[in-house]
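The values are calculated or read from the model by the stated rules, or taken from the named source; none is laboratory data. Only a predicted model underlies this, so the values are computations on that prediction, with no experimental measurement involved. Cβ atoms come from the backbone with ideal geometry, glycine included; neighbour counts cover every protein chain shown. Quick note on the areas: whole protein, heavy atoms, side chains included, nothing else; ligands and nucleic acids left out. Shrake-Rupley method; radii C 1.70, N 1.55, O 1.52, S 1.80 Å.
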Number of protein chains: 2
Amino acid sequence: MDSKSAHTKAKVLETALGMFRSKGFAKTTMRAIAAEAGISLGSAYYYYASKDELVLELYRESVAEQRAAASTGMRGSSGLGDRIKLAMHAGIDALTPYHGFGGTFISSALPPQSAVNPFGEASAEVRENAIGIFREAVEGAKIPAFLRAQLPELLWLAYMGVVLFWVYDHSANQRRTRTLIDGAAPLIAKLVSFSRLPVVKPLVEEALALKTKVQA
Amino acid sequence: MDSKSAHTKAKVLETALGMFRSKGFAKTTMRAIAAEAGISLGSAYYYYASKDELVLELYRESVAEQRAAASTGMRGSSGLGDRIKLAMHAGIDALTPYHGFGGTFISSALPPQSAVNPFGEASAEVRENAIGIFREAVEGAKIPAFLRAQLPELLWLAYMGVVLFWVYDHSANQRRTRTLIDGAAPLIAKLVSFSRLPVVKPLVEEALALKTKVQA
DNA sequence: CACATCTTTTGAACATGTTCAAATAAGGTC
DNA sequence: GACCTTATTTGAACATGTTCAAAAGATGTG
């Protein structure tokens, strides 16, 4: 029966994510997950080949949550700056339950060979979804043609920087990260709008060309 | 005898760094280090409380090497773009022997509670030294006054981004990273020089203000 | 020298992520 | 139903970073 297997797999995931939220990543051992799910350690590994794969699901869910919240919020505001703000705040909102363990998460999320690393093969689908959020943010606004195609990915990259900042942010409720978003979003919007001007345009074009060149 | 103890400690470090270079971070186990150094596992831990502390020394040495090479090189060139290029290339040069294991290194280098994390308390001294490289790079050039103080740290931050890019760079000899540096350095220099212009100046000022605000 | 204190060394022990061969259950075929 | 194949489960085993209490050595004091 396929559904039996699927059910067990779902239970492992559910248990794991719940424990990640309540105990943190490091303290949630594979043995504890298996015990809580009522199966053996080996069985847990039968469904998820590594602890990283479980984290990938976490990443997937948080992006989905971010996207839903951002989409809803964007129906209300039309300025590029505000839409970027919304997208980024929604992301941090979705991650907030994990901030206490953010450090332990990132240590498993950044190594290139990890399934969770946001730039890697395994997370391609999730990354696409995340970039899509910024594609939505850009859609409503007037963007110079030469920037339009690349902008969503650039915004996602900037957002990755924000997340890194957030991981290290020990201020109460990560207020500094919120301040960063509130300040950076309008600045980015301004830069985009200025990118039409004769002084700025060549600079931006050069940067875009470099990005393309370096991605090959 | 103090020097006996110091000698043992030095031997552990020397052995560890050598093995990091030849075997990589993951494959260099604490047991292997101890064995190679001719002491017991417990003794190794007596001198270095964790594997991370060994990596911190690696970080320290690589920055020292980077600084030496950059300083020497900068005597020849005076343009800001060229000096930034030199500083960054020197850094990547120093890191190159570890690229094969870059991934494993970064996984231990980024968690906030790690001794190695470049933004943390434990690595403050090394970070200061690293920022100093960019302070040198800036010293020779004409920089707008309102930018002068903050620029070195900003350049270091940009360099951290380059290092992250390098970690994921699988092109032959990390050519893409070199291309990135060669393209980004003149661009940064141009941006700095343009920051005097009436259109660009308020943008840059706003960004600097945000940085200050967010650091508090 | 005898003793006390501090430094260094040791090896066993622990927890954890991961692997694996073997056992068991399920499903399909004759 | 008997048999074969595939899916699932299990528990033991392994490697590794780290901890720790106890032993051994060094140093200073009377």
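Taken together, A:Ala109, A:Ala87, A:Ala94 contain a single residue that is in the same structural domain as A:Arg175 (by TED's automatic domain parsing) and modelled with pLDDT under 90, which is A:Ala109.
Working only within the stretch B:163-216, note down all residues that are of a type in the set (Ser, Thr, Tyr) and either over 28 Å from A:Thr212 (Cα atoms) or facing chain A (nearest Cβ under 9 Å) (or both). Give the steps one after another, and end with the answer.
Initially, the stretch B:163-216 is screened for residues of a type in the set (Ser, Thr, Tyr), giving B:168, B:171, B:177, B:179, B:193, B:195, B:212.
Result: B:Tyr168, B:Ser171, B:Thr177, B:Thr179, B:Thr212.
If a residue has to be within 13 Å of DNA strand D (Cβ to nearest atom) and within 28 Å of the chain's Cα centre (by Cα) to count, how many in the stretch A:37-62 make the cut? Adding up the residues that qualify gives 7.
The listed residues are A:Ser107, A:Ser114, A:Ser77, A:Ser123, and the only one of them that is within 27 Å of A:Ser171 (Cβ to Cβ) and either touching a Phe, Trp or Tyr at 6+ places or on another chain (Cβ under 7 Å) or within 14 Å of chain B (Cβ to nearest Cβ) (or both) turns out to be A:Ser107.
Residues of the stretch A:202-215 being touching a residue at least 24 places away in the same chain (Cβ under 8 Å) and in contact with a Pro (Cβ under 9 Å, 6 or more places away or on another chain), which ones? Residue satisfying the conditions is A:Val204 alone. For the criterion of being in the same structural domain as B:Ala130 (by TED's automatic domain parsing), modelled with pLDDT under 95 and out of contact with any helix residue (DSSP H, G or I) (no Cβ under 8 Å at 6 or more places or on another chain), B:Gly100 passes. Among the conditions (1) without any contact (Cβ under 8 Å) to a residue 60 or more places away in the chain; (2) open to solvent by 30 Å² or more (accessible area, probe 1.4 Å), the only one that A:Gly120 does not satisfy is (2).
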